[in-house]
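S.K.: Take this structure, written in structure tokens, and hold onto it; I'll ask about it next.
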Amino acid sequence: MGTAKNGQMFYRWDESERHFDDRIFFAILAESAIAGPLACKAVALERELGLQGWLVPEDHIHISLVGLGDHDGFPQKLVEIAGHIGSMVVAKPFEVSFDRLSAFGGGSLVLRGGSGSNPALQGFWRNLTALISDSPLKGFLTKSIEPHVTLLRDEAGVPKIRERSIDPVRWWVRDFVLIHSLIGKGIYEERGRWRLTGRDDSLAGM
């Protein structure tokens, strides 16, 4: 495991390291009206840029919020704690916008925002991490977030791509999820989904 300049963790694997099957993370899934066109855009970009990588499935297109590690077996207790944290988040829906296409993380072609973009997303991330910092999961926190949406991965071709401006891709975020990714199998399982209503839903029935 390594740490990027902004404190975000990334993973380096070699044959001597253990194999993990289960990845847990908080994320914002792109709504279908956005994910469908983005998946098509990824196909067009792969052809245009001469890439030969792995296209992110339409229903997996997301913004990563907080990674909760890779695990050898399903971490039931961790997921229970994360689910409790998710239920405590109070936030209003907010808009995100991405207007740049660039390489990221050594092999991912992503959408990103310009400097100072997506302040509402940054604020939501800070609120979520504040709750995590007061829990047994605080060891997974990073110093900052670099909002991006991965479209495809090609470790050989993507690093050669120069960043460029694109027409903004925008949508309103109305919920967030806890994802259990079965590594290497292309399967995402939702372990929690919470609406952004601007109020504490745990008190709604009181």
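The values are calculated or read from the model by the stated rules, or taken from the named source; none is laboratory data. Everything numeric in this text was worked out from a predicted model, so none of it was measured. Here the Cβ is made from the backbone with ideal geometry for all residues, glycine too, and neighbour counts use every protein chain on show. Note: areas computed on protein heavy atoms with side chains; ligands, DNA, RNA excluded. Shrake-Rupley method; radii C 1.70, N 1.55, O 1.52, S 1.80 Å.
S.K.: Out of ASP70, ASP134, ASP99, ASP59, I need the residue that is among the acidic types (Asp, Glu) and within 19 Å of PHE20 (Cβ to Cβ). Which one? So that I can check it myself, show each step before the final result.
M.R.: Numbers: ASP134 fails: within 19 Å of PHE20 (Cβ to Cβ); ASP99 fails: within 19 Å of PHE20 (Cβ to Cβ); ASP59 fails: within 19 Å of PHE20 (Cβ to Cβ).
Of ASP70, ASP134, ASP99, ASP59, the one residue that is among the acidic types (Asp, Glu) and within 19 Å of PHE20 (Cβ to Cβ) is ASP70.
S.K.: Can we say GLY73 is in a helix (DSSP H, G or I) and small (Gly, Ala, Ser)?
M.R.: Details: in a helix (DSSP H, G or I): no; small (Gly, Ala, Ser): yes.
So GLY73 fails the test.
S.K.: Could I ask something else about it? So which of VAL89, VAL169 is surrounded by 15 or more Cβ atoms within 10 Å (Cβ to Cβ), of a type in the set (A, V, I, L, M) and under 29 Å from GLY53 (Cβ atoms)?
M.R.: Numbers: VAL89 fails: under 29 Å from GLY53 (Cβ atoms).
Residue meeting the stated conditions: VAL169.
S.K.: Here is a further query. Of the numbered conditions (1) closer than 23 Å to ARG195 by Cα; (2) part of a loop (DSSP other than H, G, I, E, B), PRO136 fails exactly one; give the number of that condition.
M.R.: The number of the failed condition is (1).
S.K.: Also, quick follow-up: Here are some residues: ILE161, ILE132. Which one is modelled with pLDDT under 95 and either among the hydrophobic types (A, V, I, L, M, F, W, C) or over 30 Å from GLU46 (Cβ atoms) (or both)?
M.R.: Working: ILE132 fails: modelled with pLDDT under 95.
Only one candidate qualifies: ILE161.
S.K.: If you don't mind, there's one more thing I want to ask. Could you figure out which of (1) open to solvent by 80 Å² or more (accessible area, probe 1.4 Å); (2) hydrophobic (A, V, I, L, M, F, W, C); (3) within 14 Å of the chain's Cα centre (by Cα) isn't true of ILE145?
M.R.: Status for ILE145: all satisfied but (1).
S.K.: What about ILE179, is it buried (at least 16 other Cβ atoms within 10 Å of the Cβ) and not in a strand (DSSP E or B)?
M.R.: Working: buried (at least 16 other Cβ atoms within 10 Å of the Cβ): yes; not in a strand (DSSP E or B): no.
It is false that ILE179 is buried (at least 16 other Cβ atoms within 10 Å of the Cβ) and not in a strand (DSSP E or B).
To keep it simple, each residue is scored yes or no on (1) in a strand (DSSP E or B); (2) free of Cβ contacts under 8 Å to residues at least 12 places away in the same chain; (3) open to solvent by 70 Å² or more (accessible area, probe 1.4 Å).
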| residue | (1), (2), (3) |
| --- | --- |
| ILE85 | no, no, no |
| SER97 | yes, no, no |
| ALA103 | yes, no, no |
| LEU109 | yes, no, no |
| SER115 | no, yes, yes |
| ALA120 | no, no, no |
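S.K.: Can you tell me which residues in segment 1-39 are open to solvent by 90 Å² or more (accessible area, probe 1.4 Å) and modelled with pLDDT of 50 or more?
M.R.: Within segment 1-39, the subset open to solvent by 90 Å² or more (accessible area, probe 1.4 Å) is 1, 3, 5, 12-13, 15-16, 18-19, 32.
If the condition is that a residue be open to solvent by 90 Å² or more (accessible area, probe 1.4 Å) and modelled with pLDDT of 50 or more, then ARG18, HIS19, SER32 are the ones that fit.
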